[in-house]
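Just below is one structure, and these are the notes that go with it.
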Amino acid sequence: MHISEFDFDLPEQLIAQNPPQVRGSSRLLVATQAQQIEDKQFADLLDYVNAGDVLVFNNTKVMKARLFGQKASGGKIEALIERVLDAQTALAHIRSSKSPKAGAELIFDGTIHATMVERVGELFKIQFSGSLNVYELLEQHGALPLPPYIERTAQADDDERYQTVYAKHQGAVAAPTAGLHFTEELLCALKNKGIVFAEVTLHVGAGTFQPVRVENIAEHQMHSEWFDVPAETVAQIQAAKARGNKVWSVGTTSLRAIESAARSGSLKAGQGDTNIFITPGFEFQVIDCLITNFHLPKSTLLMLVSAFSGSARIRQIYQHAIEHQYRFFSYGDAMILARAD
């Protein structure tokens with residue numbers, strides 16, 4: 001398949017630069033019935049999920065992963081922590097006039113000292129000194145890494161709004177954005193209706209924003225992310241399937257975690273790295289319905305939803321969304337998709 005098949009024209013004014021004024025007040029495009037599209041509000045999700053259905057949430061938490069500083073030699077440097085390896089060591093993307101060499105000393109925020117250990121592919125392995133572990137260091141000295149298409153610096157309220165209300169485990173550099181729409185009130189209403197909540201962890205990496213730069217998408221090298229699917233989640237899903245209920249993925253990251261854990265043909269608990277690349281023709285094992293935001297042109301996530309609901313159906317949905325002025329990307333509106341038969 002060619003990358004041009006996943007391109008579309010998006011008016012710039014539809015790219016959401018800020019979250020909605022009130023969490024959960026986003027619009028919801030519902031495309032669960034063939035050829036039918038409904039325009040709703042996100043709270044209407046309650047009408048589409050049935051008692052006994054499972055909602056799978058990604059409980060990852062976004063780190064304040066961006067650090068600013070300089071090399072000991074004086075040049076300015078910016079680091080985006082991609083993955084924490086241990087208490088003092090992390091892999092990072094680095095922007096500077098010249099890439100630091102192994103052994104170079106880096107100073108962040110005027111007080112945090114680190115050493116560039118080695119290159120690991122496109123990333124840099126950094127070891128921090130001092131008594132703080134990497135997570136504590138980032139919390140005190142880091143900045144929230146908003147997506148590149150949000151053309152402003154992170155503000156104080158982004159610390160809350162670019163984080164789901166159920167976030168638990170630090171490790172992501174981008175939010176699982178379908179989850180940003182959920183409020184404590186909606187979660188309570190869903191639970192009272194008899195919806196089953198299941199959790200996975202997938203630490204979203206910066207690669208999620210990278211466009212595919214090859215003409216033939218089969219040649220694309222997918223980024224790798226760490227995930228964990230607990231045994232309890234597997235049991236909840238298996239029980240739902242046995243009683244004829246549906247499994248809903250809250251976001252593409254939850255879907256990637258679950259389908260990665262089911263690559264053998266059956267869902268198994270476990271953790272590890274996944275570079276699963278879901279494109280049209282992929283055979284889904286578990287997820288029946290997907291709650292997601294609207295994705296970038298030529299992105300791997302647009303390919304994923306095209307695989308899930310069918311390329312023609314996704315083109316129809318996106319055209320409707322543009323014509324009806326839905327807000328796109330991380331702080332934008334949401335949609336419900338059904339898996340194509």
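The values are calculated or read from the model by the stated rules, or taken from the named source; none is laboratory data. In this text, all values refer to a predicted model and were calculated from it rather than measured experimentally. Quick reminder, even Gly has a Cβ in these numbers, built from the backbone with ideal geometry, and neighbours come from all protein chains shown.
The table below lists the values:
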read-out	value
Some residue of the range 155-172 being crowded, with 18+ Cβ neighbours inside 10 Å, over 24 Å from Ala16 (Cβ atoms) and either in contact (Cβ under 8 Å) with a residue 60 or more places away in the chain or of a type outside the set (A, V, I, L, M) (or both)	yes
Among (1) surrounded by fewer than 16 Cβ atoms within 10 Å (Cβ to Cβ); (2) closer than 21 Å to Gly69 by Cβ, the one test that Glu185 misses	(2)
Count of the range 223-269 residues which are among the aliphatic types (A, V, I, L, M), surrounded by fewer than 15 Cβ atoms within 10 Å (Cβ to Cβ) and not in a helix (DSSP H, G or I)	1
Residue count for the range 113-154, restricted to those that are of a type in the set (D, E, K, R) and without any contact (Cβ under 8 Å) to a residue 60 or more places away in the chain	5
Test: residue in the range 137-157 that is in contact with a Gly (Cβ under 8 Å, 6 or more places away or on another chain) and closer than 21 Å to Asp109 by Cα	yes
Residue check for Leu67: touching a Gly at 6+ places or on another chain (Cβ under 7 Å), within 22 Å of Glu225 (Cα to Cα) and either part of a strand (DSSP E or B) or not aromatic (Phe, Trp, Tyr) (or both)	yes
Qualifying residue in the range 4-14 (condition: crowded, with 17+ Cβ neighbours inside 10 Å, out of contact with any Pro (no Cβ under 8 Å at 6 or more places or on another chain) and not acidic (Asp, Glu))	no
Breaking point among (1) on the phi < 0 side of the Ramachandran plot; (2) at pLDDT 95 or above; (3) assigned by TED's automatic domain parsing to the domain that holds Ile287; (4) within 22 Å of the chain's Cα centre (by Cα), for Gly207	(2)
Test result for Phe197, more than 12 Å from Val62 (Cα to Cα) and surrounded by 20 or more Cβ atoms within 10 Å (Cβ to Cβ)	no
Residue match in the range 171-181 (condition: over 20 Å from Gly205 (Cβ atoms), of a type outside the set (A, V, I, L, M) and in the same structural domain as Tyr48 (by TED's automatic domain parsing))	yes
Single match in His169, His223 (criterion: within 18 Å of Asn58 (Cβ to Cβ), modelled with pLDDT under 95 and of a type outside the set (Gly, Ala, Ser))	His223
Selection count where residues are in a loop (DSSP other than H, G, I, E, B) and under 25 Å from the mean Cα position of the chain (by Cα), scope the range 109-168	25
Qualifying residue in the range 228-250 (condition: modelled with pLDDT under 95 and touching a helix residue (DSSP H, G or I) at 6+ places or on another chain (Cβ under 7 Å))	no
Whichever residue in the range 15-37 is among the polar types (S, T, N, Q) and at negative phi and, among such residues, is surrounded by the fewest Cβ atoms within 10 Å (Cβ to Cβ)	Gln21
Matching residues in the range 1-31 - criterion: being modelled with pLDDT under 95 and of a type in the set (Val, Ile, Thr)	Ile3
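Results for (1) in contact (Cβ under 8 Å) with a residue 40 or more places away in the chain; (2) acidic (Asp, Glu), shown as yes or no for each residue.
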| position | (1), (2) |
| --- | --- |
| Leu14 | yes, no |
| Asp44 | no, yes |
| Asp47 | no, yes |
| Lys61 | yes, no |
| Gln70 | no, no |
